[in-house]
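The next block holds one structure in the form of structure tokens; read it before the comments.
Throughout, read-outs are computed from the coordinates displayed, never taken from laboratory work. Everything numeric in this text was worked out from a predicted model, so none of it was measured. Methodologically, a virtual Cβ is constructed for each residue, glycine included, from the backbone with ideal geometry; neighbour enumeration extends over all protein chains shown.
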Amino acid sequence: MRIPIIAGNWKMYKSPAEAESFVRELLPKLLPFDAVERVVCPPFLAIPAVSAVLKGTPLKVGAQDVHFENEGAFTGRISPQMLTGFVEYIIIGHSECRRDLGDTDETVNKKVKAALAHGFIPIVAVGESLIQYEAGETQAFVSGQIRGAYADIPAENALKTVVAYEPIWAIGTGRNASAELAQSIIKDAVRDTLTGLYGEAVAQQIRIQYGGSVKPDNMAEYIAQPDIDGALVGGASLKVDGFTDLVRITAEAVR
Ligand code: PGA
């Protein structure tokens, strides 16, 4: 039984003060929904304030990226060691980091290994562009991203990870992939690739989220799919009511 996971990716929104007051308001609303793993991923600067509010609560904190080295001459970067004690999850390989910050399958693999070595849960993000989607390359591309991200990662560590399948054309566009399409790509390109790498028993335990214009009014369709175990949510996670509805709808679906 895979516990569903809803993670809010706040991207470059919310100052430390805004983030802190947001989670103070969000926390009591999310407390009733223990059937769902609930994660917020603030910008780095807001992480300490958010983590202080949520310490000891069932609401977990994640980072949006990490460097794979512990320290060094890497201007603007944050290391896994620096995040220790503040977060439990780290989004790795988000398409915006692949696009703007130079992430490749190779750096994603290094970051996943570094995150695991420090005891974090990586949320490994994959997904194709619109051009790839229209060219019918989705399955091969996403499957390749999974193989790249999990290269040389043993099964016992792969089990600790979460995958987020996010078609780039659906992120922040309001053009979400239909639940049926998301299910078929997640099954064929993500779960079947993990089965090839680790076998059925392991692949069946790894949670896979859908991401890309997830909203309260489409959440139920995704969570009803057999291979979709939650969502990585940008825009709709920035409002207390929206976030609460996503978690409530997910909890109702798994009851
Ligand atoms: P969106 O973003 O929900 O705003 O489409 C999703 C993401 O980038 O994780």
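Here are the numbers for this structure:
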read-out: Spin-label pair residue 255/residue 81, simplified geometry with 7 Å Cα→Cβ offset, distance in nm; value: 4.8
read-out: Estimated inter-spin distance, residue 99 and residue 173, nm [label 7 Å along Cα→Cβ]; value: 1.0
read-out: The chain, helix-only ellipticity at 222 nm - DSSP H runs n ≥ 4, -39,500 (n - 2.57), divided by all residues, nearest 500; value: -11500 deg cm²/dmol
read-out: Mean separation of Cα contacts under 8 Å (6+ apart) over length of segment 179-255, as relative contact order %; value: 31
read-out: Relative contact order (percent, whole number), segment 84-219, Cα cutoff 8 Å, 6+ residue spacing; value: 25
read-out: Length-normalised contact order of the chain in % [C-alpha pairs under 8 Å, at least 6 apart]; value: 21
read-out: Peptides 72-83, 139-150, 173-184, 88-99 ordered by average Cβ neighbours within 10 Å, highest first; value: 88-99, 139-150, 173-184, 72-83
read-out: Gain upon complete extension [residue 224, residue 21; 0.36 nm per residue less C-alpha separation]; value: 69.8 nm
read-out: Calculated on alpha-carbon atoms, Rg and Dmax of segment 76-156 in Å; value: 13.6, 44
read-out: Of every Cα-Cα pair in segment 37-100, the percent that sits beyond 17 Å; value: 40
read-out: Distant-in-sequence amide H partners of residue 208 (H built 1.01 Å from N, under 5 Å); value: 163, 229
read-out: Under 5 Å, built H, 5+ apart or other chain: amide partners of residue 92; value: 123, 124, 125
read-out: Overall Cα dimensions of segment 118-255, principal axis frame, Å, largest first; value: 41, 36, 27
read-out: Quarter of the Cα convex hull surface for the chain, i.e. its orientation-mean projected area (nm²); value: 12.3
